[in-house]
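Novice: Dropping a structure here in structure tokens format, bear with me for questions.
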Amino acid sequence: MTSIRESLQSATCTWLEFGEKRNVLVSMLAGTLFFIGWWFIIDAHAKYPDEMSNAFHVCGVFGTLSFFMINSVTNAQIRDDTYNGGYLGPRGARSWLFIGFVMGFAAVIAACWILFADFVAAGAQHHWPGVGLFLQNIFIFLGSLTYKFGRTEEQ
């Protein structure tokens, strides 16, 4: 008797396999998510400039730094495959990746906190600046995850 998992693995969709264009398509998707995230906050700040503090943009800056930190480490560096450089080796690469994930997740949590503390609970007249800030950080984090885990290794 075959398990459900084995039957699902044998019934893969042929239209879903991108082949050699997977890295290009995933990179375009990650860039689009990153762009959409920044577009949300630009729109919110342009529409309601008096209701948004400039300090709120720190979340997006940390999310962007997280995007670059996460994607500057290759999977080969994490696995210690042919990694020759650096002072810390794979341990340093794993630490860098972990700090990047923590920064990205902290940016999302901080944006959620700002949304509820300064716009929902405070009874602000317009909620869009807080929602735009939250969506910005969600989209940047999703773009980062898409770019990191959606690509295949080049052989």
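The values are calculated or read from the model by the stated rules, or taken from the named source; none is laboratory data. Because the structure is a prediction, the values reported are computed rather than measured. Note that we place each Cβ from the backbone using ideal geometry, even for glycine, and neighbour counts take in every protein chain shown. Ligands, DNA and RNA are stripped out before the accessible areas are found, and what is left, the full protein with its side chains, is counted by its heavy atoms. Shrake-Rupley method; radii C 1.70, N 1.55, O 1.52, S 1.80 Å.
Novice: Between residues in the range 123-136 that are without any contact (Cβ under 8 Å) to a residue 24 or more places away in the chain and over 13 Å from residue 56 (Cβ atoms) and residues that are part of a helix (DSSP H, G or I) and open to solvent by 30 Å² or more (accessible area, probe 1.4 Å), which pairs lie under 9 Å by C-beta distance while being six or more apart or on different chains?
Specialist: 127/120
Novice: Residues that are open to solvent by less than 70 Å² (accessible area, probe 1.4 Å) and closer than 18 Å to residue 143 by Cα, at least 3 per element: which helices (runs of 4 or more DSSP H) completely within the range 56-118 meet that?
Specialist: Result: 57-71, 89-114.
Novice: Check whether at least one residue in the range 130-149 is out of contact with any strand residue (DSSP E or B) (no Cβ under 7 Å at 6 or more places or on another chain), buried (at least 18 other Cβ atoms within 10 Å of the Cβ), assigned to a loop (DSSP other than H, G, I, E, B) and not hydrophobic (A, V, I, L, M, F, W, C), and report yes or no.
Specialist: No: the range 130-149 contains no residue that is out of contact with any strand residue (DSSP E or B) (no Cβ under 7 Å at 6 or more places or on another chain), buried (at least 18 other Cβ atoms within 10 Å of the Cβ), assigned to a loop (DSSP other than H, G, I, E, B) and not hydrophobic (A, V, I, L, M, F, W, C).
Novice: OK, next. Determine whether the range 12-21 contains at least one residue that is exposed (fewer than 14 other Cβ atoms within 10 Å of the Cβ), among the charged types (D, E, K, R), part of a loop (DSSP other than H, G, I, E, B) and at pLDDT 85 or above.
Specialist: Just the residues of the range 12-21 that are exposed (fewer than 14 other Cβ atoms within 10 Å of the Cβ), to begin with: 12-21.
Within this subset, residues satisfying the condition of being among the charged types (D, E, K, R) are 17, 20-21.
Then keep just the ones that are part of a loop (DSSP other than H, G, I, E, B); that gives 17.
Then keep just the ones that are at pLDDT 85 or above; that gives none.
Within the range 12-21, not a single residue is exposed (fewer than 14 other Cβ atoms within 10 Å of the Cβ), among the charged types (D, E, K, R), part of a loop (DSSP other than H, G, I, E, B) and at pLDDT 85 or above.
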